[in-house]
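Encoded as structure tokens, the structure appears first; notes follow it.
The values are calculated or read from the model by the stated rules, or taken from the named source; none is laboratory data. Because the structure is a prediction, the values reported are computed rather than measured. As a convention, Cβ positions derive from the backbone with ideal geometry for all residues, glycine included, and neighbour counts pool all protein chains shown. Areas reflect the complete protein model, heavy atoms only, side chains present, ligands, DNA and RNA absent. Shrake-Rupley method; radii C 1.70, N 1.55, O 1.52, S 1.80 Å.
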Amino acid sequence: MARPRKPLLSRDRIVEAASALVDAEGLDAVSTRRLAAELGVSGPSLYNHFRNKDEILDAVADAVSAQVDLSMFEESDPRGWAAALHDWAVSYRAALAAHPHVVPVLAQGPGRRPAGLKVADAVFGAMVRAGWPPAQATYIGALMRYFITGSALGSFARGFVDDETAYDPADYPHLGQAHLLADRRQQVDEGAFETGLRALLDGLALQYEQTTAGRTVRPAPNGA
């Protein structure tokens, strides 16, 4: 009886294996030797698809970017620019929260990564269509990335230990409940993200009114 053939090595298989390693153990776990062993192939065979480890990690990061919903930036979508930014930010953060170890790579920017560039293109294009000047549209894309990736780099709640004795009221009179934060991580972190996002968008809305005052712009689909 013929032995079953191993699946052919491909970029997708390499990225899938590397993504699993990053999710489980972090960026430092990825090496060509480790990936080759995971895939049951020789190390040099990986170089038929990627030149080095950095290219593999770029592909892993781009696979995460590809999970981000961009439908709200389509011209046919009825959401205004502010609602679109909000919904995109929530989707982006969810993708990063599912793959936290890859956030440092994504925080460096899209580089040449196709999915990352599609994200940048979609945000910039939607802001310009809504009436933002190109320079301001660029600033908005940058500040949104700063905010979203920054929120995913670490947990505020997990930064506090769950030991009540660590917060002596004589030294920290306002941290009497800090030891409870770790157990409420999701509630605290998601609440902080939504609070910051709303404040950011409210501030942009004021700037938008000032920017578009006295001139005719193409309105967003719902008039926002």
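Could you say whether any residue in the range 75-89 is more than 20 Å from R129 (Cβ to Cβ) and not polar (S, T, N, Q)?
Step one: filter the range 75-89 for residues more than 20 Å from R129 (Cβ to Cβ), giving none.
The answer is no; no qualifying residue exists.
Is it the case that some residue within the range 62-79 is crowded, with 17+ Cβ neighbours inside 10 Å and among the basic types (K, R)?
Residues of the range 62-79 that are crowded, with 17+ Cβ neighbours inside 10 Å, as a first pass: 62-65, 68, 70, 72-73, 77, 79.
Within this subset, residues satisfying the condition of being among the basic types (K, R) are 79.
The answer is yes, given that some residue of the range 62-79 is crowded, with 17+ Cβ neighbours inside 10 Å and among the basic types (K, R).
If we keep just the residues of the range 27-61 that are of a type in the set (G, A, S) and open to solvent by 10 Å² or more (accessible area, probe 1.4 Å), which is nearest to I148 (Cα to Cα)?
Restricting attention to the range 27-61, the residues satisfying the condition of being of a type in the set (G, A, S) are 29, 31, 36-37, 40, 42-43, 45, 59, 61.
Now narrow it down to the ones that are open to solvent by 10 Å² or more (accessible area, probe 1.4 Å): 29, 31, 37, 40, 42-43, 45, 59.
Values: A29: 25, S31: 28, A37: 35, G40: 37, S42: 38, G43: 36, S45: 37, A59: 20 Å.
Only one residue tops the list, namely A59.
Kindly indicate whether any position in the range 69-78 is under 24 Å from the mean Cα position of the chain (by Cα), outside any helix (DSSP H, G or I) and among the small types (G, A, S).
No, there is no match, as no residue in the range 69-78 is under 24 Å from the mean Cα position of the chain (by Cα), outside any helix (DSSP H, G or I) and among the small types (G, A, S).
Enumerate the pairs (first residue in the range 181-206 and within 18 Å of W88 (Cβ to Cβ); second residue anywhere and in a helix (DSSP H, G or I) and β-branched (V, I, T)) with beta-carbon separation below 9 Å, excluding pairs fewer than 6 apart on the same chain, so at least 6 apart or on different chains.
F193/V90; F193/I148; E194/V90; L197/V90; L197/I148; L204/I140
Among the residues of the range 123-151 satisfying the criterion of being open to solvent by 40 Å² or more (accessible area, probe 1.4 Å) and among the aromatic types (F, W, Y), which is nearest to A89 (Cα to Cα)?
F147
Is at least one residue of the range 44-53 modelled with pLDDT under 95 and within 20 Å of H99 (Cα to Cα)?
Within the range 44-53 (the criterion being modelled with pLDDT under 95 and within 20 Å of H99 (Cα to Cα)), the answer is yes, since at least one residue qualifies.
Keeping to the range 124-173, report how many residues are closer than 20 Å to V102 by Cβ and among the β-branched types (V, I, T).
2
Condition first: closer than 30 Å to W81 by Cβ, surrounded by fewer than 16 Cβ atoms within 10 Å (Cβ to Cβ) and not aliphatic (A, V, I, L, M). Can you find one or more residues in the range 157-164 that meet it?
Of the range 157-164, the ones closer than 30 Å to W81 by Cβ are none.
No, because not a single residue in the range 157-164 is closer than 30 Å to W81 by Cβ, surrounded by fewer than 16 Cβ atoms within 10 Å (Cβ to Cβ) and not aliphatic (A, V, I, L, M).
Only one of (1) assigned to a helix (DSSP H, G or I); (2) of a type outside the set (S, T, N, Q); (3) crowded, with 19+ Cβ neighbours inside 10 Å fails for R184. Which number is that?
(3)
So S91 ticks every box in (1) more than 30 Å from L9 (Cβ to Cβ); (2) of a type in the set (S, T, Y); (3) more than 13 Å from the chain's Cα centre (by Cα) but one. Which box is left unticked?
S91 satisfies all of (1) more than 30 Å from L9 (Cβ to Cβ); (2) of a type in the set (S, T, Y); (3) more than 13 Å from the chain's Cα centre (by Cα) except (3).
I need the full set of residues from the range 99-113 which are open to solvent by less than 60 Å² (accessible area, probe 1.4 Å), free of Cβ contacts under 8 Å to residues at least 60 places away in the same chain and either assigned to a helix (DSSP H, G or I) or within 16 Å of V15 (Cα to Cα) (or both), in order please.
Correct list: V103, L106, R113.
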